[in-house]
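Working notes, beginning with the structure itself.
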Amino acid sequence: MNSRTEHAPIIQMKNIEKHFGAVIALAGVSIDVYPGECHCLLGDNGAGKSTFIKTMSGVHKPTKGEIVFDGTPMNFDAPRDAMEAGIATVHQHLAMIPLMSVSRNFFMGNEPVKKRFGIPFLDKDKADTVTMQEMRKMGINLRGPDQAVGTLSGGERQTVAISRAVYFGAKVLILDEPTSALGVRQTSNVLATIDKVRKQGVAVVFITHNVRHALAVGDRFTVLNRGQTLGTAQRGQITPDELQDMMAGGQELATLDDALGGTV
Amino acid sequence: MSDATQTPPPPADERIKDISPLRQALIRPELGGMVGTVAVFTFFLLFAFDSGMFNAQGVMNWSVVSAQFMIIAVGACLLMIAGEFDLSVGSMIGFAGMAIAIFSVTLGWPTWMAIIVTFIMCCSIGALNGFIVIRTGLPSFIVTLAFLFILRGFTIYFPQKLERKTIIGGIADAAEGDWLAPIFGGKIGQGLFQWLGDMGVIDVFERGTRQGQPVVDGIPMLIVWAIGLVIFGHLLLTRTRFGNWIFAAGGDAEAARNSGVPVNRVKVLMFMFTAFCATVFATCQVMEFGSAGADRGLLKEFEAIIAVVIGGALLTGGYGSVIGAALGALIFGVVQQGLFFAGVESSLFRVFLGVILLGAVILNTYIRRMITGER
């Protein structure tokens, strides 16, 4: 993974602080993400993961700190600004509509048009072709572009959402716990998708609290705990147990671990 | 050999079951409407063929009634797919008709001005409906129920206050020679029908002042409007970006917003379009009758919704078809007039309505499960 250091980071978050009234949600978190890497953001519930990625995607404004995107300092006023810059977020609650077809979902909000008699009509052929092609790249065989999203499994829906973001030019892809509600098989599909996306040169920020999912695809790992970062580790420099300990803050989990016979 | 150069087809996924053409056809929202239309026509062709229902006059009779339903069903359909209801359609019809009457007869404005001002006023009320729904997040059911009463109340109050009566006539005289009125109240194709009459294809009057004229002397603009609105609505929904946004807004507003769809704008515009359709209906009716009554359009909101549901739209939004809604309206019109031709007690029409509505809703729910693969 030495090739990474040759590039400049696509996004740098420097000493981000975020206060909500008297609550300090983030107390100075810094990470940088390079193109083509999968940067895992780990942390237990309440560690500040969500606040942090919402700052990155323009939902929250940082109280202090700086966001540098592609070399220039950014000041996102709205999620739309971040989206236009190339930061796409795939939420836990997917932006997918079950009753609509895959191709209509894929192009929702970005529909291709073709002028006929001066009237901009929907370019359905293009939408269908692109959808089938992109889905095949990700290893999903659709019955047809008209298949409703409701018939897809949870993992397949995640994959549609991810490939949609990539197709529309995402440079940084933030995945908010994409595997948390999935079964084993579906999880491995999503992890495979992450791998494919990374190889296309997209920077992936993968939020999870499952150490095994993180280790399966991650290049680097940043652990958040109580609004602070405990540092970033390279792949191969850290064991699953160490990661788990860092996430839980050490001691408590150790006692739990004993009680449960090492199953956590 | 050429075989060697051919790329093998991508391997089929063994988990994807082939679905039968029947199942595939069932997924089309228009299916219920199509089956219903065939069933209804078969029924009346068998039992009321000799009653005059299928001669020129009879056809015109149920066509006009169906066209009326179609005009309001198109608006209601697009709005329902966008995830909202409008219960004020019926009151809007009465209100718009009365507004035209007051402007042109009581205030003496030229008819074209009365019509244009009424359209602007009614579309604004539609926008207000939409705006309140968007801002407050209240169900459109309640907001438009309020407007059902508000508009009906004004429709009764103003003519009583101004003219001391609830029906204002004399609109036809006022509209004489107006350039805009014939677009709503006129007829087209008179020449064709005269020719058809001369050729003996359709009956002509045999005596009286209209001797020699065909019994049907043209296609009312009401029907032209209905067909035009259906085509417009269908193209808008299925062939444009905006159509995709209508589906998205009704399917899941939050997901649509996350994807950059201007959900609020879509919904407000659909409320305005529904109001526009109601005003077209009212204007055609007023021009045809030459009068406006305070009770016009009563219960039309429900009839529009029933036509849309028969046409396969889901009450919960996000799914439906304008063609389906138009077929629903056609079924509606044909049955209402057909029972009259067949000599069936007209109160039974309501029984029919209730039964077909229930049947359609149950069928739609089943189809929805099939599309989304829910169990």
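For the reader, a short list of remarks on this structure follows.
- Estimated FRET transfer efficiency (B:VAL35, A:THR63; beta-carbon r; R0 45 Å; 0.05): 0.15
- Size descriptors for region A:1-105: radius of gyration and Dmax over Cα atoms are 15.5, 46 Å.
- Region B:250-269 and region B:270-321 have Cα centres spaced 24 Å apart.
- With only Cα atoms counted, chain A has Rg and Dmax values of 19.6, 73 Å.
- A convex hull fitted to the Cα coordinates of region B:179-227 yields 83 cubic angstrom per residue.
- Anisotropy class assigned to region B:109-265 is oblate, per the alpha carbon gyration tensor with a/c at or over the 1.5 cut-off and a/b no larger than b/c.
- For region A:90-242, averaging the sequence separation of C-alpha pairs within contact (under 8 Å, six or more residues apart) and dividing by the residue count gives a relative contact order of 21 percent.
- Here the sum of -39500 (n - 2.57) over DSSP H runs of 4 or more residues, divided by the residues of chain B, equals -22000 deg cm²/dmol at 222 nm, to the nearest 500.
- For the pair B:SER346 and B:ARG135 in one chain, pulling the backbone fully straight at 0.36 nm per residue adds 71.6 nm over the alpha carbon distance.
- Binned Cα-Cα distances of region B:140-201, short to long, each 5 Å bin given as a whole percent: 4, 13, 11, 10, 12, 15, 11, 7, 7, 7, 3, 0
- For region B:271-349: relative contact order, % (alpha-carbon pairs under 8 angstrom, 6 or more apart): 17
- For region A:35-88, projected area of the alpha-carbon convex hull averaged over all directions, nm²: 4.3
- Three-way shape call for region B:236-309 based on the alpha-carbon gyration tensor, with the a/c threshold at 1.5: prolate
- Cβ-derived FRET efficiency at R0 60 Å, A:VAL23 paired with B:LEU128, nearest 0.05: 0.90
- Average beta carbon contacts from partner chains per residue of A:109-121, 10 Å cutoff: 3
- Along chain B, counting only GluC sites (Glu not before Pro) with a DSSP assignment other than H, G, I, E or B and at most 12 other Cβ atoms inside a 10 Å radius, the longest segment between sites is B:15-175.
- In this simple spin-label approximation, B:LEU107 and B:ASP173 carry label points 7 Å from Cα along the Cα→Cβ vector, and these lie 2.1 nm apart.
- Convex hull of chain B built on C-alpha atoms - directionally averaged projected area, nm²: 26.5
- 10 Å Cβ shell holding at most 14 others, DSSP loop, chymotrypsin sites (Phe, Trp or Tyr not before Pro): longest site-free stretch of chain B: B:1-178
- Exposure proxy ranking, count of Cβ atoms within 10 Å, fewest first, for B:ARG369, B:ARG257, A:ARG220, B:ARG350: B:ARG350, B:ARG369, B:ARG257, A:ARG220
- Pairs beyond 31 Å (Cα-Cα), from B:LYS161/B:LYS267; A:LYS114/A:LYS137; A:LYS54/A:LYS137; A:LYS199/B:LYS267; A:LYS14/A:LYS137; A:LYS64/A:LYS171: B:LYS161/B:LYS267; A:LYS199/B:LYS267; A:LYS14/A:LYS137
- Sites B:ALA146 and A:VAL184, calculated FRET efficiency, Cβ-Cβ separation with R0 60 Å, nearest 0.05: 0.70
- The packing ranking, built from the mean of other Cβ atoms within 10 Å per residue, places the peptides A:100-111, A:20-31 in the order A:100-111, A:20-31, highest first.
- Once C-alpha pairs closer than 8 Å and six or more residues apart are averaged by separation and normalised to the residue number of region B:243-316, the relative contact order reads 20 percent.
- In chain B, taking the dipole from charged Cβ atoms about the Cα centre, the farthest positive-side position among B:SER124, B:CYS284, B:GLN337 is held by B:SER124.
- If you bin all the Cα-Cα distances of region B:100-183 at 5 Å, starting from zero, the percentages per bin are 3, 13, 18, 19, 16, 13, 10, 6, 2, 0.
- Taking every DSSP bridge with both residues inside region A:1-103, close to 100 percent are antiparallel.
- Cα-based values for the protein assembly as shown, radius of gyration first and Dmax second, are 31.2, 106 Å.
- Across all directions, the average flat footprint of the convex hull enclosing the Cα atoms of region A:98-197 is 6.8 nm².
Every number here is computed from the coordinates shown, using simple stated rules; none is lab data. Every value quoted in this text rests on a predicted model; they were computed, and no experiment measured them. Backbone-built Cβ (ideal geometry, glycine too); neighbour counts: all protein chains shown.
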